[in-house]
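Below is one structure, written out as structure tokens, with a few remarks after it.
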Amino acid sequence: MASDAVNITPCFNLKMRQASRILTSHYDGFLREMGITVTQFSIFRSLWYLKSTSQKNLQEILVLQQTSMTRNLKPLIRDGYIQVLPSPDDGRVKLVSLTDEGKVLFQDARKAWKKAQTILASQLGEDLSQELLHVTDAIIELA
């Protein structure tokens, strides 16, 4: 009699969530001394390249829900790393951008992120690293 465990179909969602928690923990460990999470680092990184954008656009780029975006932005705004200003084109639209202090923190955090990235890439190897990017890009494209 075969075990039911042998016939269990793997759940893509469960596996991705498990992997995501491990990746998040890995990056958060390196960013902890900066006082930010990897999600907040992703906000910094996006704003570094975008310069200034609407919160809605930032949510779409990072694939975050409004509540998650707000929860992650609040302490960064409070601590003076991110500013929110009305758009010069439409006062109803609020634009988010890094302050000078935010730019300094990002540059410091980027060094810690690069260490985390390098270690992970080394542990996975070139083939798996590229495969991971390919698979995650394909999943993101489904949206």
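I want the local charge near Ala109. Using Cβ-Cβ distances under 14 Å, sum +1 for each Lys or Arg and -1 for each Asp or Glu among the other residues. Combined, the nearby Lys, Arg, Asp and Glu give +2. Between the amide H of Ile82 and those of Ile77, Thr99, distances stay under 5 Å, these residues lying 5 or more places away or on another chain, with hydrogens modeled in the peptide plane.
Normalising by residue count, region 91-143 has a Cα convex hull of 94 Å³ per residue. Can you give the net charge of the other residues whose Cβ lies under 14 Å from the Cβ of Thr67, counting K and R as +1 and D and E as -1? Local charge sum for Thr67: +3.
Close amide H pairs (under 5 Å, H built 1.01 Å from N) link Thr53 with Val96, residues at least 5 positions away or on another chain. Ranked from largest, the principal axis spans of the Cα set of region 1-129 equal 70, 31, 25 Å. Between 0 and 90 degrees, the angle of helix 100-141 with respect to the longest Cα principal axis of the chain falls at about 30 degrees.
Do the alpha carbons of any pairs in Lys15/Lys103; Lys74/Lys115; Lys56/Lys103; Lys94/Lys114; Lys15/Lys111 sit beyond 24 Å of each other, and which pairs? Long pairs (Cα-Cα over 24 Å): Lys15/Lys103; Lys74/Lys115; Lys94/Lys114; Lys15/Lys111.
With contacts taken as Cα pairs under 8 Å and at least 6 residues apart, region 4-143 reaches a relative contact order of 24 percent.
For the chain, take the longest principal axis of its alpha carbons; what is the angle in degrees between that and the long axis of helix 66-78, to the nearest 10 within 0 to 90? Approximately 50 degrees, to the nearest ten.
Mean separation of Cα pairs under 8 Å and 6 or more residues apart, divided by the residue count, gives region 1-83 a relative contact order of 16 percent.
Find the centroid of the Cα atoms in region 28-50 and in region 129-143, then give the distance between the two in whole Å. Going from one Cα centre to the other spans 21 Å. Rounded to the nearest 10 degrees, the angle from helix 12-31 to the longest Cα principal axis of the chain is 50 degrees.
Coordinate-derived values only; no laboratory data. Predicted model only: the values in this text are computed from it and were never measured. Glycine gets a Cβ as well: all are built from the backbone with ideal geometry, and neighbour counts include every protein chain shown.
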